[in-house]
């Protein structure tokens with residue numbers, strides 16, 4: 001599903017080139033549940049951004065479902081983000097002005113789904129994450145765990161094959177975190193490929209594969225189950 | 001993402017900041033209001049003057065003594081002494097200029113008219129019967145000056161309604177004898193009430209036979225000759241005919257001027273058209289300032305919603321979607337402001353003449369269309385930069401923005 005070959009991402013700081021990713025080669029198959037671990041500054045988030053087509057690598061090739069990402073236009077990348085990849089952020093990143101339902105419907109707007117159908121498709125996904133009673137609440141009226149579940153519902157509403165989660169439980173108490181993790185594992189059991197950036201070894205231990213990053217390079221890649 | 005969706009998103013953003021949106025719109029509202037109001041005042045003045053000039057009689061030719069080099073417009077009467085226009089000139093025109101329906105000699109002066117112990121200084125016009133037809137001023141009661149009165153230099157007078165009112169009140173004036181500069185004149189008629197025309201009170205005048213007028217003012221010349229043609233197309237040929245006849249009578253010198261109503265009209269029309277354009281232009285500047293207000297607020301809005309832009313991009317919004325969202329927001333601000341400005345502008349323009357009668361206004365469709373189009377264009381023009389700035393945000397740094 002994903003083929004990264006010798007990916008590097010360098011930033012220029014003064015006269016120095018600093019590489020956030022220095023030659024990452026990685027292959028991800030459909031249905032995997034991967035934890036990405038590493039100390040801060042090791043390039044985890046940069047890797048996620050590249051994988052999520054939010055950022056273009058400086059060097060290397062990235063094939064997503066056999067299509068080369070670096071050859072795509074901005075609009076094509078936007079389409080991939082919209083239809084193929086779901087994002088879950090540490091800070092939820094919901095739009096505060098809109099209700100949970102409207103937030104979940106948002107990606108469908110950009111897929112060109114008409115208004116009536118959007119609600120029809122968003123409601124079952126919200127039910128799937130257990131928020132049928134909270135659909136018309138705004139994010140500020142929801143707990144952290146509930147907000148993250150809205151964010152997961154939003155990531156799932158277009159049924160993307162890949163879900164990227166950047167420390168999804170980082171801002172949550174352990175109970176809400178466990179709920180979120182259960183939802184993610186459950187999704188993986190239904191066939192969604194999931195990659196989770198985390199510091200938490202408990203989370204990593206429930207993943208099937210753990211990738212360790214350090215200084216922009218993969219220093220460990222083990223299959224646990 | 002279709003237009004309606006984008007419009008809804010933009011509208012939600014505008015409504016979520018009512019105070020700010022309202023104040024931003026106010027700039028456009030005032031701009032559009034000013035354009036419509038000032039243009040309507042300018043147009044009103046133009047239409048008023050056109051109507052008044054047309055009301056003086058159509059296809060009118062005014063022959064005045066003295067040669068002026070320019071044609072059209074207003075001239076000071078008789079600059080520098082030249083050969084005079086005479087009553088015989090007017091008779092010659094009437095006899096030989098077959099293109100003219102009328103050639104009316106006019107003497108003009110002021111005199112004191114007295115009836116018993118009441119007196120009034122007023123304008124005295126010496127004319128012939130055709131004056132009524134040429135100037136669209138008609139007799140109300142009694143009779144107007146007749147050709148026989150002109151031929152016999154009869155001491156008869158026709159009063160304007162104001163003069164009649166001042167001297168006689170509600171009494172019957174017909175047949176009464178009044179004193180006009182120590183001569184006794186018999187009142188034979190009273191004109192219809194006409195009101196003010198171009199600052200001249202048509203009711204505050206008296207009419208006497210032109211020949212009696214020349215005696216009264218001690219002159220053998222005329223102030224002017226008013227001539228008219230049956231059709232507007234004949235005016236040019238009529239001018240040639242008048243010149244031919246008068247030059248022959250004036251020792252082969254062209255020592256007179258002929259103005260046409262059409263030339264006067266088009267001169268006034270041009271002047272007032274320019275005036276309207278200048279007023280509209282000045283008002284347009286305030287609309288421009290309103291546009292800068294929109295740009296300002298859109299830049300703030302883009303900055304405030306940097307994170308939203310990042311989120312929208314992460315879930316699949318294309319650059320063009322973001323661009324459209326902010327463009328429509330800007331254009332909606334200016335468009336709604338434009339509509340409100342039009343409503344108020346038209347409303348005030350229609351109310352003004354009810355309270356300030358000397359200020360006629362005319363709301364024209366083109367000024368409304370122009371103001372609205374211009375306000376939309378302002379929204380587009382000043383919306384492009386902020387919207388483009390929004391659409392080109394890097395999604396990652398936008399997401400990190402606090």
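The values are calculated or read from the model by the stated rules, or taken from the named source; none is laboratory data. Quick caveat: nothing in here was measured; it's all calculated off a predicted structure. Every residue, glycine among them, receives a Cβ derived from its backbone with ideal geometry; neighbour counts consider all protein chains shown.
Quick check: anything in the stretch B:334-349 surrounded by 23 or more Cβ atoms within 10 Å (Cβ to Cβ), in contact with a helix residue (DSSP H, G or I) (Cβ under 7 Å, 6 or more places away or on another chain) and outside any helix (DSSP H, G or I)? Scanning the stretch B:334-349 turns up no residue that is surrounded by 23 or more Cβ atoms within 10 Å (Cβ to Cβ), in contact with a helix residue (DSSP H, G or I) (Cβ under 7 Å, 6 or more places away or on another chain) and outside any helix (DSSP H, G or I). Of all residues in the stretch A:49-66, one or more are surrounded by fewer than 14 Cβ atoms within 10 Å (Cβ to Cβ), in a loop (DSSP other than H, G, I, E, B) and more than 11 Å from chain B (Cβ to nearest Cβ). Considering (1) facing chain B (nearest Cβ under 9 Å); (2) in a strand (DSSP E or B), the lone condition that residue A:164 does not fulfil carries the number (1). Just give me the residues in the stretch A:69-124 being in a helix (DSSP H, G or I) and under 17 Å from residue A:164 (Cα atoms), in sequence order. Within the stretch A:69-124, A:69, A:77, A:78, A:79, A:80, A:81, A:82, A:83, A:104, A:107 meet the criteria. For residues that are within 36 Å of the chain's Cα centre (by Cα) and buried (at least 19 other Cβ atoms within 10 Å of the Cβ), tally how many sit in the stretch B:169-193. Adding up the residues that qualify gives 3. If the condition is being over 16 Å from residue A:43 (Cβ atoms) and not in a strand (DSSP E or B), then the stretch A:202-223 contributes A:202, A:203, A:204, A:205, A:206, A:207, A:208.
Among residues that are within 14 Å of chain A (Cβ to nearest Cβ), on the phi > 0 side of the Ramachandran plot and touching a helix residue (DSSP H, G or I) at 6+ places or on another chain (Cβ under 7 Å), residue B:316 is included.
Residue check: residue B:303 meets all listed conditions (1) within 14 Å of chain A (Cβ to nearest Cβ); (2) more than 47 Å from the chain's Cα centre (by Cα) but one, namely (1).
State yes or no: is residue B:310 surrounded by 16 or more Cβ atoms within 10 Å (Cβ to Cβ), within 14 Å of chain A (Cβ to nearest Cβ), at pLDDT 90 or above and over 30 Å from residue B:375 (Cα atoms)? Against the criterion (surrounded by 16 or more Cβ atoms within 10 Å (Cβ to Cβ), within 14 Å of chain A (Cβ to nearest Cβ), at pLDDT 90 or above and over 30 Å from residue B:375 (Cα atoms)), residue B:310 qualifies. Selection of strands (runs of 3 or more DSSP E) fully inside the stretch B:45-164 by the criterion of at least 1 residues being in contact with a helix residue (DSSP H, G or I) (Cβ under 6 Å, 6 or more places away or on another chain) and modelled with pLDDT of 85 or more returns B:102-115, B:118-127, B:156-159. For the stretch A:34-48, the set of residues classified as more than 14 Å from every other protein chain (Cβ to nearest Cβ) and assigned to a loop (DSSP other than H, G, I, E, B) consists of A:38, A:39, A:40, A:41, A:42, listed by residue number.
Summed over the stretch B:300-313, residues that are outside any helix (DSSP H, G or I) and in contact with a helix residue (DSSP H, G or I) (Cβ under 7 Å, 6 or more places away or on another chain) total 0. Pairing residues of the stretch B:2-22 that are within 12 Å of chain A (Cβ to nearest Cβ) with residues that are exposed (fewer than 15 other Cβ atoms within 10 Å of the Cβ) and modelled with pLDDT of 85 or more, at Cβ distances under 8 Å and at least 6 apart in sequence or on separate chains, gives B:2/A:112; B:5/A:115.
Considering the stretch A:73-117, the residues that are more than 12 Å from chain B (Cβ to nearest Cβ) and free of Cβ contacts under 8 Å to residues at least 24 places away in the same chain include one that is farthest from the chain's Cα centre (by Cα), namely A:116. Scanning the stretch A:97-130 for residues that are surrounded by 22 or more Cβ atoms within 10 Å (Cβ to Cβ) and within 18 Å of residue A:187 (Cβ to Cβ) yields A:104, A:107, A:122, A:126, A:129.
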